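Reading through the C-alpha cells given below for one structure.
The values are calculated or read from the model by the stated rules, or taken from the named source; none is laboratory data. Being a predicted model, the structure only gives us computed values, none of them experimental. Virtual Cβ from ideal backbone geometry, glycine too; neighbours counted across all protein chains shown.
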Amino acid sequence: MNIQNKDFIFSEFGVSGREEKVSEKIEEFGGKLVDNILYDVTGSLICVKKGTSKKNKKIMLSAHMDTIGFIITYIDEKGFLRFAEVGNQPDAYLLGKRVVFENGSIGVIGIERREYEKKLNKDKMFIDIGAKNKEDVLRSVKIGDICAVYSPYKVTDNIITGGWMDDRIGCFILLEVMESLKNNPNDILFVFSAQEEVGLRGAQTSSYKIEPDIGLAVDVTESSDLPEGELLGSCVLGKGAAIKIMDKTVIVPKRFIQYLCNLADKYEIPFQRDIMRARGTDAHAIQLSRNGVITGGLSVPVRYIHSASEMCALEDIQACIDIVKCFCQEEVQLC
Ligand code: CO
Ligand code: ZN
C-alpha cells in the first residue's frame, strides 16, 4: 500500500459535479496502466483493463470521486456568504470549520448568534472569507461557486484521519488494484464515479454506458465502535474489509455475499459482515441499471463520516485492496 505516491487522491478538490481536478489526476496516474479511458456525461472516469478469458465478463468496480460541499447562494453587502448544501453534511460538524474553494480561497463557517449554537441550523450560518465588503468578495468568489470543509489527512501507525476519506479511500483502493493487475480473466472497468453524494448519478450513467455483467461498489461504511454506537451498524475499525449485506438502498444477493466471504477465507483476508443502517452507495444504482446487474459492495469502516476528520484503519484498507485484487484475478461464477 503506497499512500505517498497517490497523495493527490486525498488532497484534490472535487465536490459533486466539480470532480475534474480529481479525474484529471487519476487519468494521469492510471492512464498508462489500462487499455482504454472513457468519460460519461456526468463526469465519471472509466478505465478499462481488458480480460484474457474467452468467457470474458465485464466487471464494474465503482468508487466515487466526489465529496460533499456547499454552493454559494447569496453575498451580503458586508461581505458574508450564504450557502446551500451539495450532498448532506450534518450541522454539528460545521461551526468554526475552515472551507476551501475550488480556486483555493479560504473561508470559515460562522453563526449569526451564540444562542443558535444550541439548536444548529445551516440557515443561521454564513461563510466568512475575511473580505471587507461585497465588492471585495467578488474579486475571488461569486454566486454558484462551490467549497468544502476540509482538513488535510494525517497518517499515524495504523490510522488515517482527514477530510474526504469518503470516498477517496475507495478511489485509492481501485488505483492500488489497477497497478497490480496481471492477466485478469475478465474485463475490469474501473469507474471513478461522479455525483454519488447527490444521488448516485455518475454510477447510474456509467453503468448504462458500459453495461457490466457484475458490479462491485467500493466505499466507506459507518463504524459502530463508538460510545453507544451499536445502532449505527455492524462494523468496527481494524477488523477487516466490510462485505456488504445490506444498507438503506440495497440488499446484496446471498450468492454474492457468500462468494466474497469464501474468497476472503480462501486467501485469509480479514473481513466483517456489513449492515449499514443509514445511507447507501453506488451499488444501488448499478444493481438497478438496465434489466438489473448482480451487484455487491465492499467498504472500509469509517468513524465520523462526512466530517472534516473521518478516521479509518490502514489494515482495513489493505484488506479491501486484497479482496478486490482476488476478485479481479479469479474467474467469477456469479452470472
Ligand atoms: Co458519503
Ligand atoms: Zn461514499
### Task
Go through the residues of the stretch 104-117 one by one and say whether even a single one is of a type in the set (A, V, I, L, M), more than 16 Å from ligand 2 (Cβ to nearest atom) and crowded, with 16+ Cβ neighbours inside 10 Å.
yes
### Query
Does the stretch 78-90 contain at least one residue that is within 16 Å of ligand 1 (Cβ to nearest atom), of a type in the set (D, E, K, R), closer than 24 Å to Ser140 by Cα and assigned by TED's automatic domain parsing to the domain that holds His306?
no
### Query
Only one of these conditions is not met by Thr249: (1) within 23 Å of Leu200 (Cβ to Cβ); (2) within 16 Å of ligand 1 (Cβ to nearest atom); (3) touching a strand residue (DSSP E or B) at 6+ places or on another chain (Cβ under 9 Å); (4) hydroxyl-bearing (Ser, Thr, Tyr). Which number is it?
(3)
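Each row is one residue, and each column tells you yes or no for (1) modelled with pLDDT of 95 or more; (2) surrounded by fewer than 20 Cβ atoms within 10 Å (Cβ to Cβ); (3) more than 24 Å from Ser223 (Cβ to Cβ).
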residue	(1), (2), (3)
Arg290	yes, yes, yes
Gly297	yes, no, no
Val300	yes, no, no
Arg303	yes, no, no
Leu314	yes, yes, no
Gln318	yes, yes, no
Asp322	yes, no, no
Glu331	no, yes, yes
Cys335	no, yes, yes
### Message
Suppose we filter the stretch 265-294 for residues that are under 15 Å from Ile214 (Cβ atoms) and among the basic types (Lys, Arg); how many remain?
### Response
1
### Message
Take the residues in the stretch 188-235 that are within 16 Å of ligand 1 (Cβ to nearest atom) and among the charged types (D, E, K, R); name whichever of them is farthest from His284 (Cα to Cα).
### Response
Glu222
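A quick yes/no check of all residues on (1) within 16 Å of the chain's Cα centre (by Cα); (2) buried (at least 24 other Cβ atoms within 10 Å of the Cβ); (3) away from ligand 2 (no atom under 16 Å from the Cβ); (4) not charged (D, E, K, R):
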position	(1), (2), (3), (4)
Gly199	yes, no, no, yes
Asp219	yes, yes, no, no
Ser223	yes, yes, no, yes
Gly229	no, no, yes, yes
#### Entry: Residue match in the stretch 209-216 (condition: within 16 Å of ligand 2 (Cβ to nearest atom) and in the same structural domain as Ala313 (by TED's automatic domain parsing))
yes
### Query
In the stretch 167-178, is there at least one residue being assigned by TED's automatic domain parsing to the domain that holds Val41 and part of a strand (DSSP E or B)?
no
### Query
Does any residue of the stretch 10-26 turn out to be surrounded by fewer than 17 Cβ atoms within 10 Å (Cβ to Cβ) and part of a loop (DSSP other than H, G, I, E, B)?
no
### Task
Give the residue that is surrounded by the fewest Cβ atoms within 10 Å (Cβ to Cβ), with candidates limited to residues of the stretch 279-288 that are farther than 14 Å from Asp167 by Cβ and touching a strand residue (DSSP E or B) at 6+ places or on another chain (Cβ under 7 Å).
Gln287
### Query
Is it the case that the stretch 77-94 has a residue that's surrounded by fewer than 17 Cβ atoms within 10 Å (Cβ to Cβ), more than 18 Å from the chain's Cα centre (by Cα) and part of a loop (DSSP other than H, G, I, E, B)?
yes
### Query
In the stretch 137-166, what count of residues is obtained for those that are in a helix (DSSP H, G or I) and loosely packed, with under 15 Cβ neighbours inside 10 Å?
1
